[in-house]
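J.: Quick one: the structure is below, questions incoming.
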Amino acid sequence: MAKVLLVKAAGGPPYQITPPLGLLYVASAARKAGHDVRFADLRLKGGQKDMARLIKNFRPDVVGISAVYPEMGFLWETAGEVKRQTRGRALVVAGGPCASTAPEEVLSRPDMDFALVGEGEETFPALLDAVDQGFTPKDLPGLAFRWKEKVRANPAPDFMENLDVLPRPAWDLVDFSRYEKALRTHMLKPRRYAAVMTSRGCPFGCIYCHKILGKKFRPRSPQNVVDEMEHLVARYGVQEIEVWDDVFNVDAKRAEKICDLIIERRLNVRLSMPTNVRADIMPPRLLRKMKDAGLYYMGIAVETGSPEKQKLLGRNFSLEKARQTMELARKLSITTTGFFMLGLPGETAEEMEQTISFACQSPLNFATFNTLRPYPNTVLWDMCGQEVHGKDPKKLLYVNTSDNLSSLPDKEYARVVRSAIRRFYARGFDRILLSGAFRHISLGAAAKEYLLRITPGQRF
């Protein structure tokens, strides 16, 4: 039996966070295989002390670190700290989107021992079993490691088809009260909440998106999903469920069944869907059913108001159908945030204006205007990403980076972004206050975010 510490990496600006589902699934899988598992989230206040305490008292044999690609530098720093605190005794394994996106880059630092590519629920326990027996499983699918001074990355394992067989995330490792106190995703107000994944994979072809979970929609059964929700409510007193799929409403009938079961079982929970609905394929019947099941907040990714740039991004997204969904959400008193991208390849001032005008004329309560950033192993990266920031992951941090790919000079582009934010919120705070949306958002955190983004000289 190996002693395992799983760590969620962190660094840079304050995070809007949610419990890391991927790590919690891997923790359950490792436990099922007979290993002893602990957990530390470095994004939480006191997270670094948690890790140091666990290393000292638990003395892990293996430390798994999960990171997204912009956290590459912090992944390396955390690995170095683990090696220092364990005096090189513990093996360090990288997982999550960072490892799946660029395993060779991850292993370019000597403090990293292994990287896992793809879903880790089968690969990680297999690696732990081998380590426990004293050998490296060189043919293990999804394992990347150094071999004869080179990095060898085995092909990722096949995606799991039946997600119902997954053990539930290891929620007993989570201190829910600490996540209540942290800044929540989209600055939602604090309450006891948990994240639930009802499906994996996205069938759409956006050029900026990774393929880590595949391009096939792989759903859990409605019964299995709602059983987990009921467990979270009964066992941990959860008051809200954040749904974290790629696209929850790909299969509308299945989504309706999930809502029906929530209603039938009288779970009495709030539902929030921060990033995982596609507004242009949302049947009105389903949105009404989601409201009846407890939905109060929904994020809508529009990205661009330019039909030509929608084609460039490979989204095939209907702006008019999305507007109809926003209108219905407003009538149902569902608070909405729209997500928009600026700085697209070759984007003109006129095309940016199409996006800003669409946002300002919409019934959305909130909006964000973000710079499109290329990431490795995406079509967008192949088009233009590497020439923008090369291979320096610290240039990919979420704040204070600039990947302006538009036709505008950087200074003019930054002015347009600041203007977009001002124009959207200059429509009148009645869009927020009179709609009741203010009840769901931490307005103090939202105000800080607003001021950060409109400050002269702020880079996007």
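None of the figures in this text is laboratory data; all of them are computed from the coordinates on show. Everything numeric here is computed off the predicted structure, so don't read it as measured data. Methodologically, a virtual Cβ is constructed for each residue, glycine included, from the backbone with ideal geometry; neighbour enumeration extends over all protein chains shown.
J.: By residue number, which cysteines of the chain lack any other Cys whose Cβ falls under 4.7 Å from their Cβ?
T.: C98, C202, C259, C360, C384
J.: Between the stretch 38-76 and the stretch 304-342, how many Å separate their Cα centres?
T.: Using only Cα atoms, the two centres lie 38 Å from each other.
J.: Please go through the residue pairs K181/K257; K148/K216; K49/K181 and name each one whose alpha carbons sit more than 25 Å apart in this structure. Can you show the working numbers first?
T.: Working: K181/K257 33 Å; K148/K216 36 Å; K49/K181 17 Å.
Cα-Cα > 25 Å for K181/K257; K148/K216; rest within.
J.: Rounded to the nearest 10 degrees, what's the angle between the helix 21-32 long axis and the longest principal axis of the chain, both from Cα atoms, 0 to 90?
T.: Computed tilt is about 30 degrees.
J.: Taking the highest mean first, how do the peptides 159-168, 185-194, 82-91 order by number of other beta carbon atoms within 10 angstrom per residue?
T.: Numbers: 159-168: 14.0, 185-194: 19.1, 82-91: 16.0.
The most tightly packed comes first, giving 185-194, 82-91, 159-168.
J.: Shape of the stretch 1-66 from its Cα gyration tensor (a ≥ b ≥ c, root eigenvalues): rounded if a/c is under 1.5, otherwise prolate when a/b > b/c, or oblate? Could you put the intermediate results ahead of the total?
T.: Details: a/c = 2.87, a/b = 1.44, b/c = 1.99.
Since a/c reaches 1.5 but b/c is at least a/b, the shape of the stretch 1-66 is classed as oblate.
J.: Which of the three applies to the stretch 3-153, rounded, prolate or oblate, going by the alpha-carbon gyration tensor with a ≥ b ≥ c and a/c under 1.5 meaning rounded? Present the calculation step by step, with values, prior to reporting the outcome.
T.: Values: a/c = 1.37, a/b = 1.20, b/c = 1.14.
The shape class here is rounded.
J.: Let me ask another. When a/c reaches 1.5 or more, the comparison of a/b and b/c decides; with that in mind, is the stretch 132-183 rounded, prolate or oblate per its Cα gyration tensor? Working shown, then result.
T.: Numbers: a/c = 2.59, a/b = 1.82, b/c = 1.42.
Prolate, since a/c reaches 1.5 and a/b exceeds b/c.
J.: Same structure again: What order, most packed first, do the peptides 65-71, 311-317 have when packing is the mean number of other Cβ atoms within 10 Å of each residue? Could you put the intermediate results ahead of the total?
T.: On the way: 65-71: 24.4, 311-317: 17.3.
Packing order, densest peptide first, comes out as 65-71, 311-317.
J.: Given only helices, namely DSSP H runs of n ≥ 4 each adding -39500 (n - 2.57), what is the per-residue ellipticity at 222 nm of the chain, to the nearest 500 deg cm²/dmol? Walk me through the numbers before you get to the answer.
T.: Working: 17 runs with 173 residues, N = 460.
So the calculated ellipticity at 222 nm is -11000 deg cm²/dmol.
J.: Same structure again: Can you tell me the 0 to 90 degree angle between the C-alpha axis of helix 72-85 and the longest principal axis of the chain, rounded to 10?
T.: Long axis of 72-85 versus the principal axis of the chain: about 30 degrees.
J.: ³J(HN,Hα) across the stretch 409-418 via Karplus (A = 6.51, B = -1.76, C = 1.60, θ = phi - 60°), whole Hz, x for Gly/Pro?
T.: Going residue by residue, I get x, 4, 5, 5, 4, 4, 5, 5, 5, 4 Hz, with x marking Gly and Pro.
J.: Sorting check: for 286-292, 136-142, which peptide has the highest mean count of neighbouring beta carbons within 10 Å, and how do the rest follow?
T.: Details: 286-292: 19.6, 136-142: 15.7.
So the peptides 286-292, 136-142, ranked by packing, come out 286-292, 136-142.
J.: Mind listing the long-range amide H neighbours of L342? Cut-off is under 5 Å, sequence gap 5 or more, other chains count too, H placed in the peptide plane at 1.01 Å from N.
T.: Answer set, sorted by chain and number: N370, T371, L372.
J.: How many angstrom lie between the C-alpha centres of the stretch 127-150 and the stretch 217-250?
T.: One Cα centre to the other: 34 Å.
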